[in-house]
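Everything below concerns the one structure shown next.
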Amino acid sequence: MLEVKNLHVTVDGKQILNGLDLVVDKGEVHAIMGPNGSGKSTLAYVMAGKPGYEATQGQILLDGEDILAMQSDERAANGLFLAFQYPLEIPGVATMTFLRTALNAQRKKRGEAELSTPEFLKLVREAAGKLEIDMDMLRRGVNVGFSGGEKKRNEILQMALLQPRLCVLDETDSGLDIDALKIVSDGVNRLRSPDRSMLVITHYQRLLDHIVPDVVHVLSAGRIVKTGGKELALELEASGYAQFQGEVAHAS
Amino acid sequence: MNAEIRNMKTNAELALAEAYSSGKARLPGGRTVVALREAAAARFDALGLPHRRVEEWKYTDLRALMREARPIAGAPDAAGIARAKDAGLRIGDMEARRIVFVDGTFVPEISDLTDLSPGLIIRSMAQALAAGDPLVEAHLGKVVPPDREGVVALNTALMRDGAVIHVAKGATVERPIHLVFAATGQTPASVFTRSLVVIEAGARVMLVESHDASAGHQVNTALELVVGDKAHVDHIKITGGPSDLVHVSSLMASIGAHARFNDFAFNIGGGVVRNQTFVRFDGEGTLAGLRGASLLNGKQHVDSTLVVDHQAPGCQSREVFATVLDGESRGVFQGKIVVRPHAQQTDARMMTRALLLSDEAEADSKPELEIFADDVQCGHGATSGALDEDLKFYLMARGIPETDAEALLVQAFVGEAIEGIEHAGLRDALMEQVVAWLRARGA
């Protein structure tokens, strides 16, 4: 379902990803771990099409289709979702308006009918309830005045409503206390399904206690340097990333 | 330098002076009014049209922008009145009482003067001038007389009609009053309207002005507003029109003690638009909100100039202006706050923000604070910038196409100022105008 082939990415003329290869099969959850500066967030951003993140070589195939040529909104309509590490505040755009605009824009692009107001409200109420998000909060500006935990829950709410094929979670655990972490990971786990793949990007192993991955990859200096099962995360927690910095030096 | 050179008149100035001298016999008003007009005409003769060397007009060189003056509009014919039938509908359905002026002349047959609530008097300025109305005699030209104001002088010299509204002490006017100004003539003309609104103590009213004009018109409109102690007045002005319209508007308001005055100016059309607002606090403990939103494209030039004069202690003024600029448009904000020596505990703030959607657009802002009291809070801020690319990416990453993402962000930007309008229906109607403007932009 997701195939990243020989991906090279530069940001401000600086090479960040150096021939990254990655395959995530349908229904699988893969974790990407790595030290600061290894290119984790760059991978997330280039997948979502953030301006300034330039793929100079390689492909990102979603069900065989290269998404690199698509605009960000087209990628989203094709089933890609990025949960932001730092969700942005948009004063003046009510969260409800934002959710509805996004949902209907995607449906429209896929040739589906727009949701009626009652249909939409029902969906939001259900999804928000599971994430313990108060409906009053959704009438406020997007993420305005939200705590760190509330922002992350709002990301998962969007994911639940948009029902993507591929979820990329960028440092979703950052800024979360233990209770919020539980709510957020439960939200993510509910969305696990045989039709949906997930890429969980994290620096720490902690999140992977809650969202248990099928496969763990170690990213260092812009490439995947090691791949293993979920136990690899525990190994890393014990030994740190230093060993891989050396491995990359050796590889290059 | 030879003074003769400075006194060289432009074609427009000569034509306006000629329009006054040849037309004054037909303008309404008795001896007092004639004297007022004569003095104003002499003032205009001395000042001329404002130009860039006049500090208050530095960014809006009206003399250069208005090379020719249009002939003065005559009374509208039946076809012109018919064309004004739907004017001003952009305020939405507020169940407002419509008072309609076509080509600067009050048209009773399409105005609603039935069932005026107790304490409310509405009449035409032309009639009031002709009849020597005591309210007009008492206030006209005296509310906040601006110095060295050529366009106000010109308005006084050539004013023909407008609204005279009186709200008696303690009266609450439930239905908003909508002054609809429509210039529908098919040949370009000049229109001079002048209104006077006097709200007595403790009264409450909402006043909406909408201005629209057909191609090539030059509109000079002025409103004098007297707000009594403890009165509560909302005033909203909406200006639209074709891209070759010149629209100059002056609001002169004096506000009593413990009153509330909410002013909002919405600009969504016109070629050269100047909205100048002179507000004077005459009594303590009053709150005034002066807000505005402008959406500009093409070669539009919209200038919002405010002078807020704190003459009484303990008053609060808030200015919030948002301007969206596309194409080669130019937006000007000039805000002057004066705090007189005894106006202690003044709390005055102004904020102006410009959102530039094009590299060719230009926003100028000039805040001025003149503070003569020592126990005051005054602040001003100005920002200008392009759309936030990170916010746009966030919206697009959720599947929202680029133009829609931009539209959402522009709506949010303008929304902050529009939120200041208390009437929910009007707020929604203006947001719809914003959406329509954005749709036209994206098309």
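Taken together, the values in this text are just the output of simple stated rules run on the coordinates, not laboratory data. Note that the coordinates shown come from a computational prediction; the quantities given were computed from them, not determined experimentally. Here the Cβ is made from the backbone with ideal geometry for all residues, glycine too, and neighbour counts use every protein chain on show.
When A:THR117, B:THR352 are sorted by how many other C-beta atoms sit within 10 angstrom of their C-beta, beginning with the fewest, the order is A:THR117, B:THR352. Computed 3J(HN,Hα) for the range B:57-62, one whole-Hz value per residue from the Karplus formula 6.51 cos²θ - 1.76 cosθ + 1.60 where θ = phi - 60°, is 10, 4, 8, 10, 7, 4, glycine and proline marked x.
What is the calculated FRET efficiency for A:ASP186 to B:ARG439, with r their C-beta to C-beta distance and R₀ = 35 Å, to the nearest 0.05?
Details: r = 41 Å, r/R0 = 1.18.
Computed FRET efficiency for A:ASP186 and B:ARG439 comes out at 0.25.
Cβ-to-Cβ counts within 10 Å put B:LYS237, B:LYS299 in ascending order as B:LYS299, B:LYS237, the fewest first.
A cut-off of 5 Å between modelled amide H atoms, ignoring neighbours fewer than 5 places along the same chain, links A:GLY27 with A:ARG196, A:SER197.
By its C-alpha gyration tensor, with a ≥ b ≥ c as the square roots of the eigenvalues, how is the range B:388-443 shaped: rounded for a/c under 1.5, else prolate for a/b larger than b/c, else oblate? Present the calculation step by step, with values, prior to reporting the outcome.
Details: a/c = 2.89, a/b = 1.76, b/c = 1.65.
Here the range B:388-443 falls in the prolate category.
In chain A, helical runs assigned H by DSSP with n ≥ 4 each contribute -39500 (n - 2.57); averaged across all residues and rounded to the nearest 500, the mean residue ellipticity at 222 nm is -11500 deg cm²/dmol. Size of the range A:57-171: Rg and Dmax of its alpha carbons, in Å, are 14.6, 46. Pairs exceeding 31 Å between alpha-carbon atoms, taken from A:LYS226/B:LYS392; A:LYS108/A:LYS152; A:LYS151/B:LYS336: A:LYS226/B:LYS392; A:LYS151/B:LYS336. Footprinting exposure proxy ranking of B:GLU13, B:GLU389, fewest other C-beta atoms within 10 angstrom first, gives B:GLU389, B:GLU13.
Mind running the shape call on chain B? Use the C-alpha gyration tensor, a ≥ b ≥ c as the square roots of the eigenvalues: rounded below 1.5 for a/c, prolate if a/b tops b/c, oblate otherwise. Write out the running numbers ahead of the final one.
Values: a/c = 1.29, a/b = 1.21, b/c = 1.07.
Judged from the Cα gyration tensor, chain B comes out rounded (a/c under 1.5).
Computed from phi, the 3J(HN,Hα) profile of the range A:104-117 under the Karplus parametrisation 6.51, -1.76, 1.60 (θ = phi - 60°) reads 6, 5, 5, 5, 4, 5, 8, x, 9, 6, 5, 7, 6, 4 Hz, with x in place of Gly and Pro.
Once the Cβ-Cβ distance of A:THR56 and A:TYR204 is raised to the sixth power relative to R0 = 30 Å, the FRET efficiency obtained is 0.50. Taking the inverse of the mean reciprocal distance over all distinct Cα pairs, the Kirkwood hydrodynamic radius of the protein assembly as shown comes to 28.6 Å.
When the helices in chain B are scored as -39500 (n - 2.57) per DSSP H run of 4 or longer and the sum is shared across all residues, what 222 nm value do you end up with, to the nearest 500 deg cm²/dmol? Let's see the in-between values first.
Numbers: 11 runs with 110 residues, N = 443.
My calculation for chain B gives -7500 deg cm²/dmol from helical runs alone.
The mean number of Cβ atoms from other chains found within 10 Å of a Cβ in peptide B:427-440 is 0, as a whole number.
Which percent, to the nearest 5, of DSSP beta bridges fully inside chain A are antiparallel? Can you show the working numbers first?
Details: 26 of 44 bridges.
Antiparallel bridges make up about 60 percent of those DSSP assigns within chain A.
Normalised by 2.2 N^0.38 Å, where N is the number of residues, the C-alpha radius of gyration of the range B:284-428 stands at 1.20. Normalised by the number of residues in the range B:3-283, the mean separation of alpha-carbon contacts (under 8 Å, six or more apart) gives a relative contact order of 17 percent. Extending 7 Å from Cα along the Cβ direction at B:GLU328 and again at B:ASP390 yields two label points whose distance is 3.5 nm.
The range A:6-22 and the range B:148-177 have Cα centres lying 67 Å from one another.
What shape does the range A:2-251 take by its C-alpha gyration tensor, where a ≥ b ≥ c are the square roots of the eigenvalues and a/c under 1.5 counts as rounded, a/b above b/c as prolate, and the rest as oblate? It is prolate, given that a/c is not under 1.5 and a/b is the larger ratio.
With a simple spin-label model that places each label point 7 Å from the Cα along the Cα-to-Cβ direction, the separation between A:ASP136 and B:VAL34 comes to 6.8 nm.
Just to confirm my numbers, what's the Cα centroid distance between the range B:311-352 and the range A:137-207 in Å? Result: 43 Å between the Cα centres.
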